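Worksheet: one structure, shown below.
The values are calculated or read from the model by the stated rules, or taken from the named source; none is laboratory data. Keep in mind the model is a prediction, meaning the values are calculated, not measured. For neighbour counting, all protein chains shown are included, and Cβ atoms are generated from backbone atoms with ideal geometry for every residue, glycine included. The accessibility values were calculated without ligands, DNA or RNA, using every heavy atom of the protein model including side chains. Shrake-Rupley method; radii C 1.70, N 1.55, O 1.52, S 1.80 Å.
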Amino acid sequence: MVMNDKIPRLYLIVAPFIMAFGWTWYHLSKHDPWRFVGITYLLWIGLYLGWQGFKLLYLYLVQHYHRQQFWQVQAVGFLDELFFWLALFFGVFFLRNELMSLAYVLVISAIVFFRTRHVLKKHPASEPWLKTHTAFFILGWFLFLVNSACQYAAYHYYILDANVKFFNIVAFRAVAMTALWMFAFVIALFLYSVIRQRILKIIPLLLWVALFVFFIAFWVVNTGILYYSGLYFSPAVLEHTSGAGAVAANALTLYLILGG
């Protein structure tokens, strides 16, 4: 029983340390140890206090709105463990191989999936929650693989330097981008649930799909020039766009002349 009480405390201490150390390991020089250690320590404190504040806010909201007892007891008790598993994504900063990074992220996400699923099973009405939980993770894995492919292709086909090596930040960026798209999807679902008119309520979801398709198209046409070059639109794409604008302007001018 004593061990069970200590484990959540270890989660709360270790998780922000992994995040802080992983970030500083990638972004800061190890040749200045005092700066490295100092910033790591400050990040650890900030992340620790930030997570404590998040837990207090979560507990206040579920109690204020009288949510089901599961969200006030079992879910709260699981938060520190969830924080620890999510922090392990920062471990990708220490890997140098793209396949190993991809496998690492998928393994950690699978652990998060099964642990959260185990906790959700304790909910009195767990069946719809489990279905939603599975659907969200499938979408998340799909988005991660797509984002990983885009990130990796941008490095692999970088046209200005054939010697550019793979960086572990690629996998981490894919995780961050996946989290951003999932957050946007949650907002779209929320708007879908609160908007009453049938025609209007589908607009947020359609907008999310349209933005994601545009994002993929953007990466496809710009693959190979996005890193280090400072160019975020392919010169060929800009040339075609300029040509299309000129054609449209000429067509409009001709239409006005003939119409006049």
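Data table
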{"item": "For peptides 76-88, 27-39, sequence by mean Cβ density within 10 Å, most packed first", "result": "76-88, 27-39"}
{"item": "Accessible-area composition of region 73-135, carbon plus sulfur, in percent [1.4 Å probe]", "result": "71 percent"}
{"item": "Efficiency of FRET from Cβ geometry, ASP32 and ALA179, R₀ 45 Å, rounded to 0.05", "result": "0.90"}
{"item": "Contour minus Cα-Cα distance for ALA210 and LYS131 (0.36 nm per residue)", "result": "25.9 nm"}
{"item": "Where region 20-116 is the region considered: accessible area per residue in Å², 1.4 Å probe", "result": "60 Å²"}
{"item": "Computed over region 105-207, Kirkwood Rh from alpha-carbon pairs, angstrom", "result": "16.1 Å"}
{"item": "Equivalent ellipsoid semi-axes, region 1-103, via Cα gyration tensor eigenvalues times 5, rooted, Å", "result": "31, 16, 13"}
{"item": "Largest-first ordering by accessible area, 1.4 Å probe, given options TYR48, TYR155", "result": "TYR48, TYR155"}
{"item": "Peptides ranked, highest mean first, by Cβ atoms within 10 Å: ranges 107-113, 191-197", "result": "107-113, 191-197"}
{"item": "Distance (nanometres) between label positions extended 7 Å along Cα→Cβ at LEU42 and LEU145", "result": "4.2 nm"}
